[in-house]
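A.B. asks: Pasting a structure below so you can have a look.
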Amino acid sequence: MVKKKQNPLKIDFEKCVIEDKLLQIRKETDSTEPYLVKVWAIEINARSSKALIEFLRDDVQEKDPVSFLHLKRIKKSHRSGYLTVLVCSFELINEEVDFDELMANVKFDYLKLDEPIWVPIQGPGTKKLFMEWSAKYWPLIWRGNPNDQELNSYTFDMDKIKSVLQNITEKSRSLAANNHSKIPVVSAFVNPVDGEEIYMSDGREDGSELSHSCMRAIRQVAEQEQERRENALKTSGETETYLCLNFDVYTTHEPCSMCAMALIHSRIKRCIFIESMGKSGSLRPDSGDGYCIHDNRRLNSKYEVFQWIGDEFELPEIEPRVCC
Ligand SMILES: [Zn+2]
């Protein structure tokens, strides 16, 4: 169920494929158990609900890093005439003293619950789970499969994607043919601000074991960024930003865990790769140890990943154990 405006791209929501060519790669989330977060809760007299709603709207909602859109904010309490209310997450306020301070000036009486309430951080993928989680944890609001909505919100310039993938494929093939390179991996980093494309091949044969194509490209972006910051300092402009903020990264082969992690740190927006690396890759759930580094709740940031599943781009083969 997709309520928002339909994306003009052809999207197979069941298979998670865009335009028959781009397979969305994410950690398998058919798990029936939700990831839970702690929430501060209070009990109020039902007559205070108007003041409460104003308070939540004005003082809490916008600031909370946890979205409550999939949760009912209020439910009937066991006490007749009273309501139990989710106020804010522990991500927003961790200490009780800070919570008391937040509540110090509210215009209604309330009773703070002794224990926090645990709620699913995200809505479930099916209506059946929605019913189960609502009964087990806290009443939810069914808004359709969250991933359908995510897919529907994506924008892709398919011509641009094909042209960059064509470029890295040609460079990879020519490396394999002309230099007899054992690791003909090529990546392209596209700057969202000016559209500049940086192409980088693997550099391990010249020495450093860490010179994977993604690492070298990040280093090049860093050098350019350093120059930009020096110039910005001179004109006293803003200097601080993440290195590859919102970059699109294209790479011939699925990145290894070092590169995938470096892409997390650089805050890229999207990575599109062509060839899976079953042993050394770290994005597909069935690659390597199945970390899905770009979509891992234990890490503080994520990026989108897609694999090109058309047969347009034929790449030289690489030993499956080689990290790319
Ligand atoms: Zn790598």
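A.B. asks: Restricting attention to segment 51-95, which GluC sites (Glu not before Pro) occupy a DSSP loop and are surrounded by at most 12 other Cβ atoms within 10 Å? Could you put the intermediate results ahead of the total?
C.D. replies: Numbers: sites: E54, E62, E91, E95; in loops: E62, E91, E95.
Hits after loop and neighbour filter: E62, E95.
A.B. asks: With +1 assigned to the C-beta of every Lys and Arg and -1 to the C-beta of every Asp and Glu, and no other charges, what is the dipole magnitude of the chain about the Cα centre in debye, to the nearest 20? It would help to have the intermediate numbers written out before the result.
C.D. replies: Numbers: 44 positive and 53 negative charges, 262 e Å.
The calculated dipole for the chain is roughly 1260 debye.
A.B. asks: While we're on this one: What's the long-distance tail for segment 71-187, i.e. % of Cα pairs beyond 24 Å?
C.D. replies: Cα-Cα pairs in segment 71-187 separated by more than 24 Å: 58 percent.
A.B. asks: Please tell me which of these pairs span more than 24 angstrom C-alpha to C-alpha: K234/K302; K15/K136; K21/K302; K72/K136?
C.D. replies: Values: K234/K302 33 Å; K15/K136 29 Å; K21/K302 22 Å; K72/K136 14 Å.
With Cα atoms farther than 24 Å apart: K234/K302; K15/K136.
A.B. asks: Hey, could you pull the Cα Rg and Dmax for segment 36-121, both in Å?
C.D. replies: For segment 36-121, the Cα radius of gyration and maximum Cα-Cα distance read 11.9, 32 Å.
A.B. asks: Over the chain, what per residue volume does the convex hull of the Cα atoms give, in whole Å³?
C.D. replies: Convex hull volume per residue, Cα atoms: 179 Å³.
A.B. asks: A further question follows. Average projected area of the Cα convex hull of segment 246-317, in nm²?
C.D. replies: Numbers: hull surface 18.8 nm².
About 4.7 nm², averaged over all directions.
A.B. asks: Further, regarding this structure: Segment 79-139: which trypsin sites (Lys or Arg not before Pro) are DSSP loop and have at most 10 other beta-carbon atoms within 10 angstrom? Mind showing how you got there, number by number?
C.D. replies: Working: sites: R79, K107, K112, K127, K128, K136; in loops: R79, K107.
Loop-located and lightly packed - K107.
A.B. asks: Still on this structure, please answer the following. Could you please state, rounded to a whole Å, how far the C-alpha centre of segment 109-145 is from the C-alpha centre of segment 23-61?
C.D. replies: First find each Cα centre; the distance between them is then 8 Å.
A.B. asks: Tell me the relative contact order for the chain as a rounded percent, counting alpha carbon contacts under 8 Å between residues six or more apart.
C.D. replies: Working: 553 pairs, mean separation 58.0, N = 324.
Relative contact order of the chain: 18 percent.
A.B. asks: Dipole of segment 11-75, Cα-centred, from +1 at each Lys and Arg C-beta and -1 at each Asp and Glu C-beta, to the nearest 20 debye? Before the final figure, lay out each step's value.
C.D. replies: On the way: 12 positive and 13 negative charges, 77 e Å.
My answer is approximately 360 debye.
A.B. asks: Stretch N300-E33 to full length: gain in nm at 0.36 nm per residue minus the Cα-Cα span? All intermediate terms of the calculation are to be shown ahead of the outcome.
C.D. replies: Details: separation 267, 0.36 × 267 = 96.12 nm, distance 2.10 nm.
Fully extending the segment from N300 to E33 adds 94.0 nm.
A.B. asks: Calculate one ³J(HN,Hα) per residue across segment 47-54 by plugging θ = phi - 60° into the Karplus curve 6.51 cos²θ - 1.76 cosθ + 1.60, and present them in order as whole Hz with x for glycine and proline.
C.D. replies: 5, 8, 5, 5, 5, 4, 4, 4
A.B. asks: Express in nm, to one decimal, how much length is gained between K15 and K75 on full extension, taking 0.36 nm for each residue of separation and deducting their alpha carbon distance. Kindly include the intermediate steps, with their values, before the conclusion.
C.D. replies: Details: separation 60, 0.36 × 60 = 21.60 nm, distance 3.62 nm.
Here the segment from K15 to K75 would lengthen by 18.0 nm.
A.B. asks: Moving on. Sketch the reach of a paramagnetic label on Q220 as a point 7 Å from Cα along Cα-to-Cβ, and name the residues of segment 288-321 whose backbone nitrogen lies under 20 Å away.
C.D. replies: Under cut-off, by backbone N: 316.
A.B. asks: Against the longest principal axis of the chain, how steep is helix 127-136, in degrees 0 to 90 to the nearest 10, with axes from Cα atoms?
C.D. replies: Roughly 50 degrees, rounded to the nearest 10.
No value in this document is a laboratory result; all are computed from the given coordinates. Model, not experiment: these values are computed from the prediction. Because the Cβ atoms are built from the backbone with ideal geometry, glycine has one as well, and the counts that use them run over all protein chains shown.
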